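The values are calculated or read from the model by the stated rules, or taken from the named source; none is laboratory data. Since this is a predicted model, take the numbers as computed values, not measurements. Reconstructed Cβ throughout: ideal geometry from the backbone, glycine too, with neighbour counts over all protein chains shown.
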Amino acid sequence: MAIAGDLTAASTAAAKLKVSGSFFALVLAIVLLGGPPAALIGVATILVGWLRWREAGHYLRQNLVAYAVFPLACGLAFHYVRDSAGIGRGDAAFYVLVFVTFVAALALNFTLTAGYQSWLEGSRLTAKAREVLVPLLPTELYNAVFVVLISFVYVRVGMVAIALLVVVLAGFQHLLRELLVSQHRSNQLASLQLGMMSALLHTLDARDRMTARHSAAVARYSREIARAAGLSERDQELVHTAGLLHDLGKFTFPDRILSAEAPLAPDEWRLVRRHPYQGAKIVSQVAGYGPIADIVLAHHERVDGAGYPRGLAGEEIPALARIISVADVYDVMTARDSYRKPVSSGEAIDELRRVAGAQLDARFVEVFVELLEGRDVSFRHADDADFDAELALERRVHAYAAGQP
């Protein structure tokens, strides 16, 4: 059964790991047969599985080590604790010990297997755990309960438990494949949707030379303000993402507005006032990005209620949108690639303080001023802000697929 589970394993392409039902069978071997027999079954499982998967030699060696070590170690520990404590097969403590052994074997197997992959990639084991192990935990807990149940049936009626195991193992493999296919599709969808928004901003940048750099600068400044203001890491990430996408709605502008140096006509100004709405509409199409869309929609509101598009005032404006407003105004004033003549950081700070309490949130203005006064020129004039580096598309794809904005 362990060999059959490995031959029908499902692969996680993103993490380059294989997940199979052989683990399920090996834990039962640990409990019912002991460590050395379970280790021999584990080694045989990998050798036969290699005939199908034909993995590189170093992967074969690593898998052999993992499938020998975790059954042997956990088997020896299980039987030592059982014998030392005088636990009989019919005792409740026996089944608790089976459950604990499953969890320990899972942790040790994952550490050996994913740890090696992380070492090859130069990545963190914790990141690999979030990517692969966390999504599978509900299924693995279900499996742990079934291992306990099958152990119970085996103790009571013998070989009938083996037939039950075959059925459960087949069901596990099916559920696992469906889960991993769904995860792969989520990654593909995330890559497409986030990639499209990135492409829109780069296209806009080709028409308006400051857009991508400005978006990156606003995102960077906004996250620093949120961090200094004591906001949570989730809010810091939200405001950073919203900063990157806050001007996405300008994609609808004709070139005459993007490059306008003279005052806008009334009909042009009406179009400008709609760009937060257009940007929020685009962003909201990405599942889970609703909070970011709300921030994008409100980033041109003013605390005195004179902003647009909805004329919100004070606390009606989301706090993260008020942060972006401060960063946005500052970068427009100090940027060297702006269509207006840039001012010094000191002059921009004076202007921020002048409009604090009317246009901008006074608290976030002062937080930002303190940040600026303690940083160097490269921070105060974000000429090197890089949109692609701030976007970190691959990381966002994985976060999106995991249900994180």
Hey, can you tell me all the residues within the range 349-391 that are surrounded by 13 or more Cβ atoms within 10 Å (Cβ to Cβ), of a type outside the set (D, E, K, R) and modelled with pLDDT under 90? 379, 381, 382, 385, 387, 391
Scan the range 295-319 residue by residue and report those that are acidic (Asp, Glu) and crowded, with 23+ Cβ neighbours inside 10 Å. 301
Hey, residue 335 hits all of (1) among the hydrophobic types (A, V, I, L, M, F, W, C); (2) out of contact with any Pro (no Cβ under 7 Å at 6 or more places or on another chain); (3) farther than 17 Å from residue 242 by Cα but one; which does it fall short on? (2)
Could you please find all residues in the range 39-94 being within 35 Å of the chain's Cα centre (by Cα) and among the hydroxyl-bearing types (Ser, Thr, Tyr)? 45, 59, 67
Could you count how many residues in the range 74-93 are in a helix (DSSP H, G or I) and farther than 11 Å from residue 30 by Cβ? 8
Confirm whether residue 31 is assigned to a helix (DSSP H, G or I), in contact with a helix residue (DSSP H, G or I) (Cβ under 7 Å, 6 or more places away or on another chain), over 18 Å from residue 113 (Cα atoms) and at pLDDT 60 or above. yes
From the list 96, 132, 100, 153, which residue is part of a helix (DSSP H, G or I) and touching a residue at least 12 places away in the same chain (Cβ under 8 Å)? 132
Hits in the range 273-304 - residues which are charged (D, E, K, R), closer than 28 Å to residue 352 by Cα and not in a loop (DSSP other than H, G, I, E, B): 294
Residue in the range 279-296 that is farther than 26 Å from residue 226 by Cα and either in the same structural domain as residue 377 (by TED's automatic domain parsing) or modelled with pLDDT under 90 (or both) present: no
